[in-house]
1. State all residues of segment 50-103 that are more than 26 Å from T5 (Cβ to Cβ) and modelled with pLDDT under 95; if no residue qualifies, say none.
2. I'd like the full set of residues that are in contact (Cβ under 8 Å) with a residue 24 or more places away in the chain and either over 19 Å from Q56 (Cβ atoms) or in a loop (DSSP other than H, G, I, E, B) (or both), limited to segment 1-26.
3. Please verify whether G115 is out of contact with any His (no Cβ under 8 Å at 6 or more places or on another chain), of a type in the set (G, A, S) and assigned to a loop (DSSP other than H, G, I, E, B), treating the condition exactly as stated.
4. Taking D111 and the conditions (1) out of contact with any Lys or Arg (no Cβ under 7 Å at 6 or more places or on another chain); (2) closer than 21 Å to D19 by Cα; (3) of a type in the set (D, E), which numbered condition does it fall short on, given that it satisfies the others?
5. Restricting to segment 144-171, count the residues that are under 16 Å from A33 (Cα atoms) and aliphatic (A, V, I, L, M).
6. Considering each of T166, T105, T170 in turn, give the residue that is among the β-branched types (V, I, T), in contact with a strand residue (DSSP E or B) (Cβ under 9 Å, 6 or more places away or on another chain) and in a loop (DSSP other than H, G, I, E, B).
7. For segment 51-78, how many residues are of a type in the set (A, V, I, L, M), within 17 Å of T130 (Cα to Cα) and surrounded by fewer than 16 Cβ atoms within 10 Å (Cβ to Cβ)?
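The values are calculated or read from the model by the stated rules, or taken from the named source; none is laboratory data. Computed from a prediction, not measured in an experiment: that's the story for all the values here. Heads up, the Cβs are rebuilt from the backbone with ideal geometry, glycines too, and the neighbour counts pull from every protein chain shown.
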Amino acid sequence: MSYATAALATFTNVLGTLDHIVTKAEGHAKGEALLASRLAPDMFPLHTQIRFTIDQVDTALARMGRFERKGDDSAITSFAEAHARIAAARERVAATDPGEWPASTEGVAFDLPNGMSFLMHAHEYCRDWTVPQAYFHLMAAYAILRMEGVPLGKIDYVGYMLQYATKMPTA
């Protein structure tokens, strides 16, 4: 399996999990006020964690697929908007041809807003940067929702694993 195929499958899982936990958040008594919740004062709120998770995928698709980034940097103000942005990102992932991505050893250079610069191979960019960053922001969103009392468990975080289950526990 190519690094591109693996990355796209991972993005599909990340976005599916994000959509699932947003759906679970919708049923919480605090409603859309949850979007402003954060783990600590110096961390970004839920709406930003959702946006950053999507942004990691969109940025990777733009860098690796070599097309214009389609992300939206505006604040997410409702769960419906979160679902719409997640759905749009999932469509972009599904429409991406891994065969058009650069060779595994082709260089990828990028700068961060804090002034740091990186240069790595394409497969390293996916493995060491974008996939961990996507999971970091997904986990931050999950943790915020858990802290706020949304009934989430590990299966909500790795629900995509059910496709491989050979036996399910009985009640």
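1. Selection gives D72, D73, S74, A75.
2. Here is the first cut: in segment 1-26, the ones in contact (Cβ under 8 Å) with a residue 24 or more places away in the chain are 2-8, 10-26.
Listed by number, the residues that qualify are S2, T23, K24, A25, E26.
3. Here the answer is yes, as G115 does meet what is asked.
4. Every listed condition holds for D111 apart from (2).
5. Residues of segment 144-171 that are under 16 Å from A33 (Cα atoms), as a first pass: 144-150.
Filter once more, keeping what is aliphatic (A, V, I, L, M): 144-145, 147, 150.
Going through segment 144-171 one residue at a time, the tally reaches 4.
6. The conditions single out T105.
7. Residues flagged as of a type in the set (A, V, I, L, M), within 17 Å of T130 (Cα to Cα) and surrounded by fewer than 16 Cβ atoms within 10 Å (Cβ to Cβ) within segment 51-78 amount to 1.
Here's the yes/no breakdown for (1) farther than 30 Å from A25 by Cβ; (2) of a type in the set (G, A, S); (3) buried (at least 18 other Cβ atoms within 10 Å of the Cβ):
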{"position": "A80", "(1), (2), (3)": "no, yes, no"}
{"position": "H83", "(1), (2), (3)": "no, no, no"}
{"position": "R90", "(1), (2), (3)": "no, no, yes"}
{"position": "T96", "(1), (2), (3)": "no, no, yes"}
{"position": "E100", "(1), (2), (3)": "yes, no, no"}
{"position": "S117", "(1), (2), (3)": "yes, yes, no"}
